[in-house]
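The values are calculated or read from the model by the stated rules, or taken from the named source; none is laboratory data. From a predicted model like this one, the values you see are computed outputs, not experimental measurements. Positions of Cβ are generated from backbone atoms using ideal geometry, with glycine treated the same way; all protein chains shown enter the neighbour counts.
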Amino acid sequence: MTTDMRHAAVEVLKDSEAVAMEMAKLLIATVKEKREGKVRIALSGGSTPKQLFAILARPEMAQQVDWSRVEIFYGDERHVPEGHADSNHASARTLLLSKVSIPADQIHPMPTDTTAKEDAARYQSVLEKAYGSTTLEAGRPLFDIVMLGLGTDGHTASLFPGEPVLEEKKAWVSVAAPSTAPHERLTLTYPAIASSALVVFLVTGENKVPMLARLRQGDGSIPSGRIVSEGKILILADSAAAGEPS
Ligand SMILES: O=C(O)[C@H](O)[C@@H](O)[C@H](O)[C@H](O)COP(=O)(O)O
């Protein structure tokens, strides 16, 4: 079964806190329900997931997760030095990963210490090692959950409009150099994101109203509209982003 954006499930929740709490509960349930093996999760970047990280770090939430079974990856990363204020990993590490008992060798930040092209290839090797193959197999997803955000230009991960990476059909990780962003980016490609049991978009704020409407229609003219999953797709949006009264 392949799901495209026209067949994504949508849950509209009161506010961004409710969206983050729903995602936290979904992550907890996913870890509990997966019988064997590690639970491979690709975190989204930007500001939206910060509330989720803070909620998951709360003792009453963190204690519900067997973190020894969780393996953390990233959907994209700004190509900045480790610890840089714009680093998605720095944000996740500060708000969540440093506060839960996840084994250090199960946290996989995207490398940013050589060239973006070389770092993308290095991260592909990390993914291949975790997956156990250099070829993605239908029915055996690379990720249990891929978390994604939505940009006001319709990008997701670092799949920005007009970028060559949108046409990448083989590599799992590539680079982007969007003119609208201050840094080069590393990003999962469409094939890598498609190799997922579940893709969850977290979309909050009234500035996302136009793009969320286009995303829900499966508008292929925006990068996020072209996302597919071999599993399911869920959009968790707050009422502001859905243009609904809270
Ligand atoms: O590294 C990034 O910036 C993200 O991966 C990017 O795709 C983000 O999810 C959207 O730009 C939404 O960003 P906000 O959550 O800050 O609105």
Residue among ASP113, ASP86 that is touching a strand residue (DSSP E or B) at 6+ places or on another chain (Cβ under 7 Å), surrounded by fewer than 18 Cβ atoms within 10 Å (Cβ to Cβ) and at pLDDT 95 or above: ASP86
Check on ASP119, surrounded by fewer than 18 Cβ atoms within 10 Å (Cβ to Cβ), within 16 Å of the ligand (Cβ to nearest atom) and touching a residue at least 24 places away in the same chain (Cβ under 8 Å): no
Residue within the range 132-148 that is surrounded by 15 or more Cβ atoms within 10 Å (Cβ to Cβ), outside any strand (DSSP E or B) and within 14 Å of the ligand (Cβ to nearest atom) present: no
Residues that are of a type in the set (A, V, I, L, M) and farther than 29 Å from VAL209 by Cα, drawn from the range 30-52: VAL31, VAL39
Filter result (within 22 Å of TYR190 (Cβ to Cβ) and touching a residue at least 40 places away in the same chain (Cβ under 8 Å)) within the range 75-110: GLY75, ASP76, GLU77, ARG78, HIS79, ASN88, MET110
Filter result for the condition that a residue is under 18 Å from the mean Cα position of the chain (by Cα) and within 14 Å of the ligand (Cβ to nearest atom), over VAL175, VAL209: VAL175
Matching entry among ASP113, ASP153 (being at negative phi, among the acidic types (Asp, Glu) and in contact (Cβ under 8 Å) with a residue 60 or more places away in the chain): ASP153
